[in-house]
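Novice: Got a structure for you, questions after.
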Amino acid sequence: MDGFDLTQAALDALQPAKAKATAATDLDEARRIRGRLLGALIRKRRLEAERSAAECAQFMDAPPELIEAWEVGESAPSLPQLELLSQFLNGQGADPAQNEGPENRAARAEYVLLRRRLIGAMLRAARQSGGKRVEALSEAAGLEAAALENLELGEEALPLSDLVALTQALSADLNVFAAPASHMPNTTESDALATGGHPRADWRQFAAAGENLPFIRLAMAFQHIARDDLHRIADALFAIIRASGESNGWSGPPS
Amino acid sequence: MTNASARAHRLRIATLLFLLCLSLYLLTYRALIQSGDTRRALDAVTSVARYGDWLMDETNALKLPFRIRDSSALPLGEYRVEEGLNILLASPLLKLAEALPRLGNIHTVWLFNVIITALIASLVYLILREMGYADAVAALVAVGAGFGTNLWAYSQTFFREPLTAFFILLALFALQRGARGGIGARLISLVCAATGLVLAYETKHSALFAVPALLVFALPEARLEGYRAWRPAISALIALPLLCLCLLALLDPLPSAIGDLLSRFGLRTDHLSPALRAYLLSPGASLWATSPLALFAIPGALMLWRRGRRRLVAACFLLVAGYALGHALLTGAHWFGGLSYPPRFLLPAQPALMLLTAPIAQAVLRENSKRIRFLWLALLAYGLWIQVVGVSLSLSRYSESLPPESNGYAEWVPSLTQPRYFRWIVLPRRWGDLGVEFLWTRANLPIWGASFALAFALAAFALWHCLRRPGSRWRHLAPLLALSFIPLVLLNLMNAYDKDPQTQSSQGALHEALDFLARNARADDLLLLSSTDYEDFILNHLDGAIPRPIALERPPAQAASDRQPALVVSESPNDWFDVQSFRVLRHLAGRQERLWLLENTSAFMLWSFRPLERYLAGHFYPLREIELGIVDETVRLLEYSTGEAAPNPLSQYAGEIATDLRFGEGIRLLSLVAPDGESYAPGDVVHISLLWVAEAPVEHDYTVAAFIADARQNRPIAQGMDSAPQAGFAPTSSWKPGAPVWDNRALRLPEDAVAGDYQLWLLMYRQGSAGVTRLPVAGRAVIQDGTVGVPPITIAVR
């Protein structure tokens, strides 16, 4: 990976204690400043990764205007969206096979929704452990109480700038909301099971090694050989084995 | 003696010979599955008799289907229908075992070859009588064939060779009967012989090797002997193949010109010479080695030749040559026949070969033939020893007893040539540690041994008297014995039903599991076997009232025992199963409304990974574990609802309905997939998938309980299986904070559920020394003093 990690850079920049902008008393102004800061980071990383806004939009299954709106700070992505974009800019979307297609788009949408639910649950846990009521927190963060309830259930996307406002009101660490990769389900395994393809780890390694290509071609060729010809090949192999094993009396396989 | 009384006498002797052999074979009855071939054959019998198909279900794990078509109702391989006559003929025995109580399937179906082999002995007698031999001579040859050849050893198997031998012999009998009649009788005999050949072919296609022999035997004997011009042709018929056989057996390696010529016709020459040597010459595995009495066929053939009975000699010779050459040229690397008492592939020629010993038997019975009599008795004694050894232990014991350099191969060359490795030398050494494996000895049934020893003695006594004096008053013993045999066999089998350790018959919990299934399963249900450990029990004890069993190969991630590590240790389900087993499993779960699982390990066996249970719990809905009256951790019966797949636990799916329920200090129910608003009928199964997440490490293991409840009456109407999440495979103490965990549960609505809207109730509790402690629940909808969470869904019963 060349360049910085967008998610981590954004979380560092937006940490309430570190960003002067977050100290602004006008919540709307603070939200705008955070949005611009975040937009600048997104644009910088995108240019660094040599990706167009259209490519990012395609990966995110969103209109290109949305990416542009993020970059100019008109709106802010949610933390799961930022994580996804970060993955793309870090090179995960380089392979079109992993990128395109409705299954891949659906998988990314699932990821965003699951992360949204998890972040909502963590937000509620932080609020409850801080002894704050929904109304109090929503007022402190400049949100509607009903909207906050929905955000805690993960029913709606929570823009990162609002998440910063909420963590600021809760005096919480923004970093705890980031997804540890080890805790997320492994979609590679999932795909293999779903398709019944079932490539075992050692098989995948074998297939991935270039020097094994002749063996794979051989296996593919065997698939098309007629049964009688297979018998002849087997007999010839047994003859070789027998010739080399006659010293210990071996004469053939059991039926 | 009138014709009618002569016929009755002949039938009586044949019956007594049949009973004599039958009682001897039952005295040494093993009823053991010894090879994969016969295991699959029994599976085919159960499939044909119960379901009318040829699918390999109980032995699916033995040979998984190569390709599974989506259109197949069951993803199973098929038995070779085109060579399945023995399966069809044995299926009435299975039906008998199912119709009568306490008859084991293996115990009953294995009678098939016992009966067929005893019939062969009777048929040998009848053919020789047709040929004009005296009663005593024919009976002596029949006894020699029944006792002194490896037919006895094969009576204890479920191989197809005895039935093929029987049909070929039947064809010979038909031809012999017609040989001296008019044109009409001859035509009828030809039709009967052709039918015998077709039946033999339907049993095993290699019966085609008998065609030349039967054609020669079909030639009219009188005309054959009358025309001198025929004699050189007959001589050539024997001399040429004999020369070929000798050349091919002795030339190793085969000259390339001959090899090329043969391979041009699709024949396989790689094993030709070793196979012919083993079949015909080897002192450890040839026709003569395991059936020494057949050695008398050589002088017998010479005597018959001199007497002008060349048709029989030529036919028998062609039969042996046909089978030997045919198998050596066509079966390639499998020329030996696997686990067997050799030479298995030449067994169909064995009874015909014994017909040639009739002139020697004639000489034995003459007053002044002490030397021949002694020789005959010596070879009979030697043959008896070989057969007794052959039936005393399972065929697999021999391979186990060979030195390591044999690699366990029964056709190991020294075993064919060096006396110290002969089967009848090696196997008796195992008697010390294994005993003998007769059904009555291993199941400790002395009454079995005593009853068939008595039957043998009575049959021998009656036969002796009937042969000495046809009008003997003891002749009435024959029908009495025949009638008493049926109840005698059935009663002894019933007595053995739950005493055979080989079929795990004494494991009460297994019987209970089957009883439960017989009472509760539906006709279209399937029973998965998590490994082949209970395959013999299932094969022996299952009947049509129980769901169709499908054995799955033990997954590589499952250790066979606490002393054997699993082949694969992985957290990834992709690595748990063999590819084909996994496809079978997916195919079944994708088509069945529910699956039963007979599992032979439990959570108490800490070494056991239980990949099958893990997979079904993770991807479908565990409904219940049946409480059997006998607690046995190696016998567990589980029911899964597989009507629909659960959310893939490895996907990043977020669930459908978000909840705010929080159990205890740190367990959240993030969301769930549940039938909100869907209508169910009483008795239906409701599927619930819960998505849990821990906010912090959870110290204890909690059990989740799910109920469908009537809110108006404040009481549950249905309860799911209480268990830790994922049917116990994801205990709460193992959860990583922030990592989502799917937990699937199925709840069956009671048959008398009243129409209305119901709630889902969830609670978590811990069983400790102080009793049950419920976790407090926080959220919008909490009842019963804050210990039961109510997710925002409605389950409608209409």
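The values are calculated or read from the model by the stated rules, or taken from the named source; none is laboratory data. These numbers come from a predicted model, not from an experiment. Cβ atoms come from the backbone with ideal geometry, glycine included; neighbour counts cover every protein chain shown.
Novice: Residues of the stretch A:114-140 being among the charged types (D, E, K, R), within 22 Å of B:G664 (Cα to Cα) and touching a residue at least 40 places away in the same chain (Cβ under 8 Å), which ones?
Specialist: A:R127
Novice: Going by the structure shown, is B:A31 under 18 Å from B:A61 (Cβ atoms), touching a residue at least 12 places away in the same chain (Cβ under 8 Å) and surrounded by 24 or more Cβ atoms within 10 Å (Cβ to Cβ)?
Specialist: Spelling it out, it is not the case that B:A31 is under 18 Å from B:A61 (Cβ atoms), touching a residue at least 12 places away in the same chain (Cβ under 8 Å) and surrounded by 24 or more Cβ atoms within 10 Å (Cβ to Cβ).
Novice: Is one or more of the residues making up the stretch B:397-409 modelled with pLDDT of 90 or more, among the aromatic types (F, W, Y) and within 23 Å of B:W335 (Cα to Cα)?
Specialist: yes
Novice: Take the conditions modelled with pLDDT of 80 or more, away from every other protein chain (no Cβ under 13 Å) and more than 24 Å from B:L402 (Cα to Cα) and apply them to A:I233. Does it pass?
Specialist: no
Novice: Something else now. Quick one: in the stretch B:665-694, of everything that is in a loop (DSSP other than H, G, I, E, B) and modelled with pLDDT of 90 or more, which residue is nearest to the other protein chains (Cβ to nearest Cβ)?
Specialist: B:D684
Novice: Let me ask another. Can you tell me how many residues in the stretch B:1-45 are in contact with a Leu (Cβ under 7 Å, 6 or more places away or on another chain), over 30 Å from B:L76 (Cα atoms) and not in a helix (DSSP H, G or I)?
Specialist: Final tally of qualifying residues: 1.
Novice: Restricting the stretch B:393-414 to residues that are buried (at least 23 other Cβ atoms within 10 Å of the Cβ), more than 8 Å from chain A (Cβ to nearest Cβ) and not aromatic (F, W, Y), which is nearest to the chain's Cα centre (by Cα)?
Specialist: B:L395
Novice: Based on what the data block shows, is B:W607 in contact with an Asp or Glu (Cβ under 9 Å, 6 or more places away or on another chain), farther than 21 Å from B:P731 by Cα and aromatic (F, W, Y)?
Specialist: So B:W607 fails the test.
Novice: What are the residues in the stretch B:415-437 that are part of a helix (DSSP H, G or I) and within 14 Å of chain A (Cβ to nearest Cβ), if any?
Specialist: Listed by number, the residues that qualify are B:S415, B:L416, B:T417, B:R420, B:Y421.
Novice: Looking at the stretch B:567-617 only, could you name the residues that are farther than 26 Å from B:S72 by Cα, within 14 Å of chain A (Cβ to nearest Cβ) and either among the small types (G, A, S) or in contact with a His (Cβ under 7 Å, 6 or more places away or on another chain) (or both)?
Specialist: If the condition is that a residue be farther than 26 Å from B:S72 by Cα, within 14 Å of chain A (Cβ to nearest Cβ) and either among the small types (G, A, S) or in contact with a His (Cβ under 7 Å, 6 or more places away or on another chain) (or both), then B:S570, B:S572 are the ones that fit.
Novice: Kindly indicate which of B:A545, B:A560 is farther than 30 Å from B:L93 by Cβ and either of a type in the set (V, I, T) or modelled with pLDDT under 95 (or both).
Specialist: One residue alone meets the criteria, B:A560.
Novice: Which one of the conditions (1) facing chain B (nearest Cβ under 9 Å); (2) at pLDDT below 90; (3) buried (at least 21 other Cβ atoms within 10 Å of the Cβ) does A:G93 fail to meet, given that it meets all the rest?
Specialist: For A:G93, the exception is condition (1).
Novice: Something else: Just to verify a result, which residue in the stretch B:752-798, among those that are assigned to a loop (DSSP other than H, G, I, E, B) and among the acidic types (D, E), is nearest to B:L669 (Cα to Cα)?
Specialist: B:D785
Novice: Also, quick follow-up: Residue by residue through the stretch B:439-469, note down the ones that are touching a residue at least 40 places away in the same chain (Cβ under 8 Å) and more than 35 Å from the chain's Cα centre (by Cα).
Specialist: Scanning the stretch B:439-469 gives B:A462, B:L463, B:C466, B:L467.
Novice: Tell me the helices (runs of 4 or more DSSP H) entirely within the stretch A:125-205 that contain at least 1 residues that are exposed (fewer than 14 other Cβ atoms within 10 Å of the Cβ), more than 11 Å from chain B (Cβ to nearest Cβ) and modelled with pLDDT of 75 or more.
Specialist: A:134-141, A:145-152
Novice: Would you check which residues across the stretch B:80-128 are buried (at least 22 other Cβ atoms within 10 Å of the Cβ) and either basic (K, R) or touching a Lys or Arg at 6+ places or on another chain (Cβ under 6 Å) (or both) and list them?
Specialist: B:N86, the sole residue that qualifies.
Novice: Another question about this same structure. Can B:A509 be described as assigned to a helix (DSSP H, G or I) and under 30 Å from B:L612 (Cα atoms)?
Specialist: Answer is yes for this residue.
Novice: Let me ask something else. Looking only at residues that are surrounded by 21 or more Cβ atoms within 10 Å (Cβ to Cβ) and in contact with a Pro (Cβ under 6 Å, 6 or more places away or on another chain) in the stretch B:569-589, which one is nearest to B:L650 (Cα to Cα)?
Specialist: This residue is B:W576.
Novice: Also, I was wondering about something else. Could you check, for the stretch B:633-654, whether at least one of its residues is under 28 Å from B:K63 (Cα atoms), within 14 Å of chain A (Cβ to nearest Cβ), among the small types (G, A, S) and buried (at least 20 other Cβ atoms within 10 Å of the Cβ)?
Specialist: Scanning the stretch B:633-654, I find no residue that is under 28 Å from B:K63 (Cα atoms), within 14 Å of chain A (Cβ to nearest Cβ), among the small types (G, A, S) and buried (at least 20 other Cβ atoms within 10 Å of the Cβ), so the answer is no.
Novice: Let me ask something additional. Out of the stretch B:639-664, which residues are out of contact with any Phe, Trp or Tyr (no Cβ under 7 Å at 6 or more places or on another chain) and not in a loop (DSSP other than H, G, I, E, B)?
Specialist: Residues satisfying the conditions are B:I657, B:A658, B:R662, B:F663.
Novice: Looking for whichever is over 21 Å from B:F438 (Cα atoms) and touching a residue at least 40 places away in the same chain (Cβ under 8 Å) here; the options are B:S581, B:S505, B:S572. Which one fits?
Specialist: Step by step, each of B:S581, B:S505, B:S572 is checked, and only B:S581 is over 21 Å from B:F438 (Cα atoms) and touching a residue at least 40 places away in the same chain (Cβ under 8 Å).
Novice: Right, next: Mind checking whether some residue in the stretch B:574-584 is at pLDDT 95 or above and not in a loop (DSSP other than H, G, I, E, B)?
Specialist: Within the stretch B:574-584, none of the residues are at pLDDT 95 or above and not in a loop (DSSP other than H, G, I, E, B).
Novice: Continuing with this model, one more query. Select from the stretch A:41-78 the residues that are hydrophobic (A, V, I, L, M, F, W, C), within 17 Å of A:A157 (Cβ to Cβ) and not in a helix (DSSP H, G or I) and list them in ascending order.
Specialist: Within the stretch A:41-78, A:A62, A:A76 meet the criteria.
Novice: If you don't mind, there's one more thing I want to ask. Can you find even one residue in the stretch B:703-720 that is within 14 Å of another protein chain (Cβ to nearest Cβ) and either buried (at least 19 other Cβ atoms within 10 Å of the Cβ) or within 27 Å of A:E152 (Cβ to Cβ) (or both)?
Specialist: no
Novice: With a cut-off of at least 3 residues that are within 38 Å of the chain's Cα centre (by Cα) and under 22 Å from B:K204 (Cα atoms), name the helices (runs of 4 or more DSSP H) lying wholly within the stretch B:242-360.
Specialist: Where helices (runs of 4 or more DSSP H) fall fully within the stretch B:242-360 and carry at least 3 residues being within 38 Å of the chain's Cα centre (by Cα) and under 22 Å from B:K204 (Cα atoms), they are B:272-276, B:310-330, B:350-355.
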